[in-house]
Structure formats: C-alpha cells, structure tokens
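Asks: Sharing a structure, written as structure tokens. Questions coming.
Just so it is clear, none of the values below were taken in a lab; they were calculated from the coordinates. Note that the structure is predicted; figures quoted are calculated from it, not measured. Cβ atoms come from the backbone with ideal geometry, glycine included; neighbour counts cover every protein chain shown.
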Amino acid sequence: MPKSTSPNLDMTNLEDLNQVLYHPPLLTSQKANWNNIFLAHYQHPGSETCEHTMQQLTLEIMDVNSWTHHERRMGGNHLSYRMGGGEITLCPAHTSHWTSWEETISFTILTFQSPFFEKIADEILDSQQIEFVQKWKIFDPLIQNVVNALKVDLKAGCPAGRLYGESFGTALAVHLIKNFSVSKYFFPEYYDGLPKYKLKQVIDYIEANLSEDIKLVDLANTAGISCYYFCRLFKQSLQMTPHQYVIYRRVELAKQLLKQLDFSIADVAIMCGFAHQSHLSRHFQRLVGMSPKKFRNY
C-alpha cells in the first residue's frame, strides 16, 4: 500500500485553508486582490491540524490578548508551551508543519509568495535567492502594527484600493529579509527622492488613473525602479506615502466635481476612485474638515 503524503497547501486558497482550519476566517484579503501577499484572520476553537506543508512563507500572528497551550511540529522541531500575547511564528515555504491547541484563540495568517522575495533579492541585493528558517517566539511590534493596519483596511473595504495593502506588504517583506533570513542583508539607502522628471511621470500616471484601482507595481514601473525603492523615494519627494497622495488627489478631484450639481455624491465617489460614498465621506471629512454635502452647499 503506497505511503500517504502530506498535502502541499496553497495558503491563499480558502479550500486549502479549510483542510487545516475548519472554522471559516472572520476576514480575508481575497477580494482585495493584493499582489504577493494574502491575509486571513481567525477566531478558532481548540483544534488539531493535519500534517502539511505550505506553498508560501507563512506568518502566524497571535492577537495580543489570546493565549493557549499548544503543540507544534515544524521542520525538525517539536514545540510544547503556552503561546500568545502577540507571538509570531514564521514557517518557511515547503516546511513540514503540524499544530494543535486547546483553547479558542484569535490569530492572523499572513502569507508571502516566494517569487516576491526572489524579485526583491534580484532587484536590490544582486542575489538570486533568499533563505528563511523556521522561527517561533518572535515578538516584533512592526509586524504586529502592519498586520493590524492591514486588517483595519480590509474591514473598511480597502478605500485606497490595492495600493495601501501592497505598499505595506512590500515594506514587511523587506523587514523579513533584513531580520529573519539566514543571511542578514544590507539595503542601500537613498535620500534625494525621485528625480523630478520621474516624479512628474508618476504624478501624471496617478492623475490619469484616479478612478482606477492603482497598483503599486504600476507606479514603480512608471518610475522604472523596484516597489521597495519607489515607496521610499516617493515619500522622500512629497513627504507622504503613495497611497496617502492618491487619497489626497482623489479628494481634491471630488472637491471640483461636487460643485457640478449634475453629479450625485455617490457618483462623485465612484468617479474619484472610492469604493462608495462612505469612503469618500470619511476621507473628505478628515482632509477638508467637513462632509461632501456641507462642502457642496458651502
């Protein structure tokens, strides 16, 4: 009788996730369509997974107020201890994994596609491969803060589109390479921002596509640089991140369109690239200091 093999799971596929986590997630990034990263947030009763491997590098991030005794096999390691308080576990792609836990816990799974790390290595580090090893008992405020920001964005319906999640995902991928890869890499720094002609090309692209779901990779390609350096140089140039600038320009466009009474506020929201009227209203109130309706009648 042939020996059974552990399933090799695509952790961005909900059917594959259901093979190890039978309770459905409370929140996922499936509809956000972020490139290279995927998030799923759970509140899951005590359970035991099957032995499996994962196609992507996977972070498991416990909520700060969740605790449980758990057992885990990951690669050649067997772990048994009380886990919680924001602890993070890093499981590299294609690593054998099994875990069980006793109490209901809240946690987030965040996965990264392997070619994402390889592209960063090739573009920035002149290296062909990034290697990770399994790690546990990681307490990293930056990872916690980024994951919390991504969850808030998903709950709000991703008002900035894919640009917000992809920017945070790129920053987090670089953080993992710097701090948790086998070799500690040095990322060169640049402080002068984007050249003026490249900044103009990017701004022109944004202006022409405000009503669209702008992707980080499209902006970086317009500037002819990697996503990582684009985010850093853009912020140095304009003192705001790409997604903050896009929101700002969408609100400025909305201010113009609101003075044209032919358009409803809901129409203006869609024309400016917001998912719906409430997204426009929230950012309009924050940046202008009044609601779109009050601004129209001002």
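Asks: If you put +1 on each Lys and Arg Cβ and -1 on each Asp and Glu Cβ, how big is the dipole of the chain around its Cα centre, in Debye rounded to 20?
Replies: On the way: 28 positive and 29 negative charges, 235 e Å.
Value, rounded to 20: 1140 debye.
Asks: Go through 76, 93, 144 and say which Cα lies farthest out towards the positive end of the charge dipole of segment 74-202; charges sit on Cβ, +1 for Lys and Arg, -1 for Asp and Glu.
Replies: Among 76, 93, 144, the one farthest towards the positive end of the dipole of segment 74-202 is 144.
Asks: With unit charges on the beta carbon (Lys/Arg positive, Asp/Glu negative), name the residue among 43, 5, 30 whose Cα is farthest towards the positive pole of the charge dipole of segment 1-113.
Replies: My answer, from the dipole projection, is 5.
Asks: A further question on this structure: Which cross-chain or sequence-distant (5 or more) residues have an amide H under 5 Å from the amide H of residue 93, H modelled 1.01 Å from N in plane?
Replies: Result for residue 93 returns 57, 58.
Asks: Give me the Å³ per residue figure for the convex hull around the C-alpha atoms of segment 1-78. Could you put the intermediate results ahead of the total?
Replies: Numbers: hull volume 10.8 nm³, N = 78.
Measuring per residue, one finds 138 Å³ for the Cα hull of segment 1-78.
Asks: At 222 nm, what value in deg cm²/dmol follows for the chain if DSSP H runs of at least 4 each add -39500 (n - 2.57) and the sum is divided by all its residues, to the nearest 500? The partial results should precede the final answer.
Replies: Working: 11 runs with 123 residues, N = 298.
Calculated from helices alone, the mean residue ellipticity at 222 nm is -12500 deg cm²/dmol.
Asks: Given a cut-off of 19 Å, what percent of all Cα-Cα pairs of segment 196-297 lie beyond it?
Replies: Value for segment 196-297 (Cα pairs over 19 Å): 43 percent.
Asks: Give me the net charge for the shell around residue 161: Cβ to Cβ below 12 angstrom, other residues only, Lys and Arg +1, Asp and Glu -1.
Replies: Numbers: positive: 31, 162, 215, 250; negative: 153, 166, 212, 213, 218.
That works out to -1.
Asks: Take the eigenvalues of the Cα gyration tensor for the chain, scale each by 5, and report the square roots as semi-axes in whole Å, largest first. Before the final figure, lay out the partial values.
Replies: Working: eigenvalues 297, 116, 50 Å².
The equivalent ellipsoid of the chain has semi-axes of 39, 24, 16 Å.
Asks: Check cross-link reach from residue 135 to the lysines: straight Cα distance under 26 Å, and skip same-chain residues fewer than eight apart.
Replies: 119, 151, 178, 184
Asks: Residue 11's amide H: which non-local residues (gap 5+, or another chain) put their own amide H closer than 5 Å, with H modeled 1.01 Å from N in plane and none for Pro or chain starts?
Replies: Correct list: 55, 56.
Asks: Now, a different point. I need the phi-derived Karplus couplings for segment 214-223: 6.51 cos²θ - 1.76 cosθ + 1.60, θ = phi - 60°, integer Hz, Gly and Pro marked x.
Replies: Once θ is set to phi - 60°, the couplings for segment 214-223 become 5, 9, 4, 5, 5, 5, 4, 5, 4, 7 Hz.
Asks: Amide H of residue 38: which non-local residues (sequence gap of 5 or more, or other chain) have their own amide H closer than 5 Å, using H built in the peptide plane?
Replies: HN-HN under 5 Å from residue 38: 111.
Asks: What residue among 210, 233, 263 has its Cα farthest toward the positive end of the dipole of segment 189-266, where the charges are +1 on Lys, Arg and -1 on Asp, Glu, each on the Cβ?
Replies: 233
Asks: Right, next: Quick one: pull the percentage of alpha-carbon pairs in segment 8-180 with a separation above 20 Å. All intermediate terms of the calculation are to be shown ahead of the outcome.
Replies: Values: 7464 of 14878 pairs.
Cα-Cα pairs in segment 8-180 separated by more than 20 Å: 50 percent.
Asks: Hey, another quick one. Provide, for segment 196-297, the number of lysine pairs with alpha carbons under 23 Å apart, each pair being eight or more places apart or on different chains.
Replies: So the count of such lysine pairs works out to 12.
Asks: Moving on. Rounded to the nearest Å, what's the spacing between the alpha carbon centres of segment 249-298 and segment 94-139? Just the number, please.
Replies: So the separation of the two Cα centres works out to 40 Å.
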